[in-house]
Structures are given as structure tokens and as C-alpha cells.
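Engineer: One structure coming up, written as C-alpha cells, with questions to follow.
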Amino acid sequence: MFSCEGQKAQRNNARTHTETGSQRAAISTRRSAKYFLHLLSVFCLAVLLSAGTALPQSANGLISGKVEDPQGSSVPGARVIATNQLTTVMQTTQTNESGYFVFPELLPGTYTLSVEKDGFEKLEKTGFVLLTADRLSAGTLALKLGATTTLVTVAAQNTPVQTTSSEQSSIISGTEMIDDCSELVV
């Protein structure tokens with residue numbers, strides 16, 4: 001009498017002895033292929049995850065600031081124009097209800113900011129040097145009462161270049177940060 005266990009063992013032994021070299025090679029090739037596909041999928045996953053962290057990096061910078069009247073009150077709805085002095089490419093935005101504006105995606109270059117609002121003289125401020133991934137604050141741009149045909153030009157003071165390190169930094173107030181973020185969300 002044979003037990004079930006004995007019959008299974010005999011069949012396995014018979015299979016093992018009857019496998020040819022080509023069958024063993026095929027089995028080995030299938031295992032290698034499965035292993036290779038597993039490694040390939042892990043590699044692809046790693047590349048996708050690392051690429052996600054590199055995508056947000058940008059060479060563009062931003063310029064932000066605030067527009068006020070002669071009494072220091074904010075000027076909402078003022079038209080602000082950033083003009084690249086080399087390419088003459090212009091971008092336009094408006095100040096929010098608190099008088100803040102932001103140009104979030106400007107190419108590196110030297111810019112002129114123009115501010116216009118009915119009842120005020122047009123203001124131009126030149127010399128904003130924007131470097132790669134820079135965040136510049138134009139500060140407070142004070143409009144003067146008058147006709148929009150009058151032009152007031154102000155030259156921006158250049159910030160000294162730091163030569164000891166590649167670090168770039170600037171101070172942004174909490175209010176500017178909140179207003180900048182609210183502009184980007186809208």
C-alpha cells in the first residue's frame with residue numbers, strides 16, 4: 001500500500017528526473033525575467049518619486065510691493081506694470097484691496113515698475129535687478145495726487161552684491177506673505 005505522501009514524492013522524483021536541460025533553462029529564464037521586472041519597477045518608482053521633488057524648481061523670480069497714497073493709505077486697484085528693460089516684455093497686474101501686488105513669474109533681468117491710478121500721477125521706478133529664483137521687494141511705492149499724464153520717475157537703489165556666499169535672502173513681513181499667498185490662490 002502506498003500513502004498519498006509517498007505517491008506525491010514519487011511523482012516529484014519522476015518529474016525531476018525527466019526534466020531536460022532546456023526545461024531547466026526556461027524555468028531559470030522565467031525567474032530571471034520576473035526578478036528583472038521587479039527591479040525595473042522599483043527603479044521606475046524611485047525615478048518618479050525623485051522627479052516630483054525636482055519639478056517645482058524654477059529659474060523665474062518674483063517682485064512684490066505695496067502702493068500707497070501720500071497719506072500712507074493703501075491704493076487698491078492700481079495698475080502695476082513690470083517691464084524687462086532688455087527685452088521690453090511687459091507683465092501687468094493690479095493691487096489687491098490692501099494695496100499689495102506681486103509678479104510671481106518674472107524671468108531674470110532688470111525691470112522697471114510703472115504704477116497708474118486715476119487721480120494720481122503715474123509713477124515709474126527703474127533698476128530692479130532680478131536674479132535667478134530671486135524674491136525682490138519693491139517696497140512701498142507712494143503715488144502723488146495729480147493727473148495721470150504727469151510722470152514721476154524714481155531710480156531704485158541697487159542692493160550690494162554678496163560675493164562671499166551664493167546665499168540669497170530677503171525679509172518679507174507677515175502681511176506681505178499672507179497677501180502674496182492670497183494672490184497666488186486666486
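Engineer: Pick from segment 67-89 the residues that are without any contact (Cβ under 8 Å) to a residue 24 or more places away in the chain and touching a Leu at 6+ places or on another chain (Cβ under 9 Å): which of them is farthest from T140 (Cα to Cα)?
Structural biologist: T87
Engineer: Filter segment 97-118 for residues that are surrounded by fewer than 19 Cβ atoms within 10 Å (Cβ to Cβ) and either within 22 Å of the chain's Cα centre (by Cα) or not assigned by TED's automatic domain parsing to the domain that holds G72 (or both); which is nearest to S74 (Cα to Cα)?
Structural biologist: Just the residues of segment 97-118 that are surrounded by fewer than 19 Cβ atoms within 10 Å (Cβ to Cβ), to begin with: 97-98, 104-105, 107-110, 116, 118.
Within this subset, residues satisfying the condition of being either within 22 Å of the chain's Cα centre (by Cα) or not assigned by TED's automatic domain parsing to the domain that holds G72 (or both) are 104-105, 107-110.
Details: P104: 21, E105: 24, L107: 28, P108: 28, G109: 28, T110: 26 Å.
Per the stated criteria, the residue is P104.
The values are calculated or read from the model by the stated rules, or taken from the named source; none is laboratory data. All of these numbers come straight from a predicted model, not from anything done at the bench. Note: ideal-geometry Cβ built from the backbone for every residue, glycine included; neighbour counts use all protein chains shown.
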